[in-house]
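One structure is given here, and the rest of the page talks about it.
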Amino acid sequence: MYEIKWNFNLKRYKKNGTGLNVLRSIRIINTNMKMSSFTKHEKASTDISRGNSSLAFGGLEYAHKRPVFDDKKIERRHIKEHMAGAFRVFGRRGYNEGPAGHMSVRDPVNRETFWINPLGIHFSSIKTSDLVHVDSEGNILKDGNQAPINAAGFKIHSELHKARPDVNAACHAHTIYGKAWSAFGKELDMINQDACIFFNCHTVYKNFGGVVLDEQEGKKIAQALSKNKAIILQNHGILTVGETIDEAGYLFDLLERTCQIQLNVEMAAKVGLEKKLIANEEAYYTQYNTSDPESLYSAFQSDYNLELELTNANFLL
């Protein structure tokens, strides 16, 4: 495994409309993973601008940068709007499955609490005003929708937020291809550029303990996730986390499609076609340059904006 240590040079930044674009340098530390030398990446990784700064070309500012807020209540409103938008995206993708599936976002005003979707409303119908505010004990708070929530969803998400202070958002659903691939109990292969976003940062929880109505099962899932961004829950579904609901939502959608592609590749391999996997060096280089929270936030914005257009922004109500 390779660990990234950040060194922020605060003297080297420029103001933009949403915050600071800080040039970062990294130090790569070889911990114990057996892989080829990272010579190409290490040569290029000193004082480079990561993610959006290197992908956006043409001398113009990228429009979809992650905003920075001084007012936590305004930030809360933004988070809830994007959470409702993420549900609309999931609904359009066909991810709704009865009572199964939930998202949570840590509240920026009171970080010991979080927002979650109510039980019984289709993803495609969720609005900002539908979201439920709960504390770490599952008590429904008065400033959110007064509606029941999924008990299993609470058990999973509450333990995730307790175990990972760095995680502000989590997405989980019982999607078709996620469930299908989860039956193998295997991590994904690095079979294309997009799959590389999950290189060395996704895992598998193999101990399916039934529907998550027990606090201990939620804790086991959180422990299995560890420091990863995504987890495949064997015989269950998939789950992703992020600093923002936009990051977690984009990762979830990408994970589902990557499971679909993996299943298609496995079928082709059965008839004699040879799989060509991406080497560790290139996979790591791609993962590093495309999977930072800022880039993943930005990657979700085109879908969010499409939902605004398709629904005439009615999910903001």
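The values are calculated or read from the model by the stated rules, or taken from the named source; none is laboratory data. Predicted model only: the values in this text are computed from it and were never measured. Heads up, the Cβs are rebuilt from the backbone with ideal geometry, glycines too, and the neighbour counts pull from every protein chain shown.
Tabulated data for the structure shown
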item	result
Tally, over the range 291-307, of residues that are surrounded by 15 or more Cβ atoms within 10 Å (Cβ to Cβ) and out of contact with any Gly (no Cβ under 7 Å at 6 or more places or on another chain)	6
Some residue of the range 229-239 being surrounded by fewer than 18 Cβ atoms within 10 Å (Cβ to Cβ), aliphatic (A, V, I, L, M) and more than 14 Å from the chain's Cα centre (by Cα)	no
Options Ser302, Ser298; residue that is touching a helix residue (DSSP H, G or I) at 6+ places or on another chain (Cβ under 8 Å) and part of a helix (DSSP H, G or I)	Ser298
Exclusive hit being within 25 Å of Phe114 (Cβ to Cβ), of a type outside the set (S, T, N, Q) and touching a residue at least 60 places away in the same chain (Cβ under 8 Å), set Asp214, Asp194, Asp189, Asp246	Asp246
Residue that is touching a Pro at 6+ places or on another chain (Cβ under 6 Å), in the same structural domain as Cys196 (by TED's automatic domain parsing) and not aromatic (Phe, Trp, Tyr), where the choices are Glu256, Glu243, Glu281	Glu243
Residue that is farthest from Glu294 (Cα to Cα), among those in the range 249-281 that are hydrophobic (A, V, I, L, M, F, W, C) and in a loop (DSSP other than H, G, I, E, B)	Val271
Residue check for Pro118: modelled with pLDDT of 95 or more, surrounded by fewer than 19 Cβ atoms within 10 Å (Cβ to Cβ), touching a Phe, Trp or Tyr at 6+ places or on another chain (Cβ under 9 Å) and not charged (D, E, K, R)	no
Among (1) at pLDDT below 95; (2) within 15 Å of the chain's Cα centre (by Cα), the one test that Cys171 misses	(1)
Selection within the range 217-226 - of a type outside the set (S, T, N, Q) and in contact (Cβ under 8 Å) with a residue 24 or more places away in the chain	Glu217, Gly218, Lys219, Ile221, Ala222, Leu225
Subset tally (residues that are more than 16 Å from Ala86 (Cβ to Cβ) and part of a loop (DSSP other than H, G, I, E, B)) for the range 114-142	9
Selection from the range 98-113 of residues that are at pLDDT below 95 and either in a strand (DSSP E or B) or within 14 Å of the chain's Cα centre (by Cα) (or both)	Ala100
In the range 216-228, residue farthest from Asn200 (Cα to Cα) [restricted to those that are surrounded by fewer than 20 Cβ atoms within 10 Å (Cβ to Cβ) and out of contact with any Ser or Thr (no Cβ under 8 Å at 6 or more places or on another chain)]	Gln216
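Quick grid of which residues meet (1) out of contact with any helix residue (DSSP H, G or I) (no Cβ under 7 Å at 6 or more places or on another chain); (2) over 27 Å from Phe300 (Cα atoms); (3) not assigned by TED's automatic domain parsing to the domain that holds Gln260:
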residue: Leu141; (1), (2), (3): yes, yes, no
residue: Gly144; (1), (2), (3): yes, no, no
residue: Ala163; (1), (2), (3): no, no, no
residue: Val167; (1), (2), (3): no, no, no
residue: Leu188; (1), (2), (3): no, no, no
